[in-house]
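Please treat every number below as a calculation from the coordinates, not as lab data. Only a predicted model underlies this, so the values are computations on that prediction, with no experimental measurement involved. Neighbour counts run over all protein chains shown; Cβ positions are idealised from the backbone, glycine included.
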Amino acid sequence: MPVSNSRPNSKTVIIQYMSTPVNNNSYSKWVLTPVFGSILFVTLYITATFLYPGGSQQYPHAKGFSWLYNYWCNLLNYEAINGAHNTARPVAIAAMMVLCISLASFWYYFPYCTNLSAWFCKAIRISGVAGMTIVLLLFANLYHDAVINIAGIAALVALLGTAIGIYRNKWYGLFWFGMICALLIGVNNYIYYTGNGLLYLPVIQKITFLCFLLWICLINIKMYSKINGRFPFGKNPSASTGLRKISSILLLCCLYLVSCKEVPADRPSKKYIALQPINQYNSRQLDFIKKEIQQFFHRQVIVLPATTVPQHFVNTEKGKRYNADSIVYMLRSLKNDSLIDVVGITHEDIYTTKRDIQGNIKQPVATYKVWGIFGLGYQPGPSCIISDHRLYTDNNPIFQRRLRTVVIHEIGHNLGLPHCSSTGCIMSDANEKMATVDNSSNDYCKKCKRKIENHNR
């Protein structure tokens, strides 16, 4: 029988190693690269959270990184949401580069450890490596959503191939763990694109990321043990022992995420609502607002002495406008055990900076950096601010109706109500259009009203 002098390709060698354990590590030393890369990624990213100045979509003026309210992408921004220079960015970039290289390495070599066809293996390698390369474009000044969508399509092909390869190898435990990861990814996409449950997305994002990295690491460990005939970190554990360890790790990490709540979402106690005039405010209008709040929410309303705000709250790029985010943060400090809510009211024009879900200023920046608004409030939280500057009209009944609508809308946010898609609901997103305010009903829709009634019990 003739003997070939040609060198076997890497797929042939690895398949032979998987069927017959050997002691030579020359072809298997790469297998654990994603494991160590994932560990380094987590270490660097946790380090970056300590360097993040502060601010989240929920609490723009908070200090530090909140595991409940910040997204991973917030660490990659040039500027933190609270406006400070983001000193966490270099470390976060290093972490993402390590992760992308590690996952690219995984998808480059994984197909060789399967019984898939040559074209399928090539598809997994190309899509996996391409997806991770595209993710690196997040560091450039490009649109976040476009990068994520393109990388997501490529990664979807690689993930599908990985699941099929695992199933073909009869690694059924890892296959079903992968299905759980796929379900979590689906939940992330549903929340992201529909906006339903957006408040919980930062935590779900982190849990999904943790599960996915653990899944990749377990696949690599399985590959290593098959190629080398031994477990990489000591004695080969039983399946049940490994499952218990995985469950314990996930439980501890989830508890850690929930316990690392840096900015509490204050839940109102059932007592008073406070009206806080900013600068001098018309006394008759103040009495009108007080009466409307008392009748609508069935709460006693107290009027606090008029106050002023610091001069640095004022922006003059588009005329004199007061920073609404800074005002609600200031009013928050007035909250005490006897107050449900602190409602700021002013004749001054107010603004906010409109940002996308990752915390970047929307485009064009000149339009959205100083965006004039009717009102702003935490959701949920202890304070809101309403300006009648843009609501004013010589027709007093219309003016009062507008004012009442915006006040009830912002207090609704404080009580936890999001914007509502029901036509005519007072919680509809006005998007700073007066027609939306004027066409709004005088009440919450049935769904929103039920939430408020449950809250008041």
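Quick check: from the Cα gyration tensor, does region 335-457 come out rounded (a/c under 1.5), prolate or oblate?
Working: a/c = 1.39, a/b = 1.17, b/c = 1.19.
Taking the square roots of the gyration eigenvalues as a ≥ b ≥ c, region 335-457 is rounded.
Between LEU40 and HIS419, the distance separating the two model label sites (each 7 Å from Cα on the Cα→Cβ line) works out to 4.3 nm. What relative contact order, as a whole-number percentage, does region 302-440 give when Cα pairs under 8 Å and 6 or more residues apart are counted? Computed value for region 302-440: 19 percent relative contact order. Decide, for region 361-418, between rounded, prolate and oblate: order the square roots of the alpha carbon gyration tensor eigenvalues as a ≥ b ≥ c, take rounded if a/c falls under 1.5, and otherwise choose prolate if a/b is larger than b/c, else oblate. Because a/c hits 1.5 or more and a/b fails to exceed b/c, region 361-418 counts as oblate. Loop-resident trypsin sites (Lys or Arg not before Pro) (DSSP state other than H, G, I, E or B) in region 331-364 with no more than 11 further Cβ atoms inside 10 Å of their Cβ are absent.
Converting the Cα gyration tensor eigenvalues of region 319-373 into ellipsoid dimensions via √(5λ) gives semi-axes, longest first, of 26, 15, 7 Å. Near CYS384: Cβ cut-off under 9 Å, other residues only, Lys/Arg at +1 and Asp/Glu at -1. The net charge is -2. Counting beta carbons within 10 Å around each of HIS409, HIS347 and listing the fewest first gives the order HIS347, HIS409.
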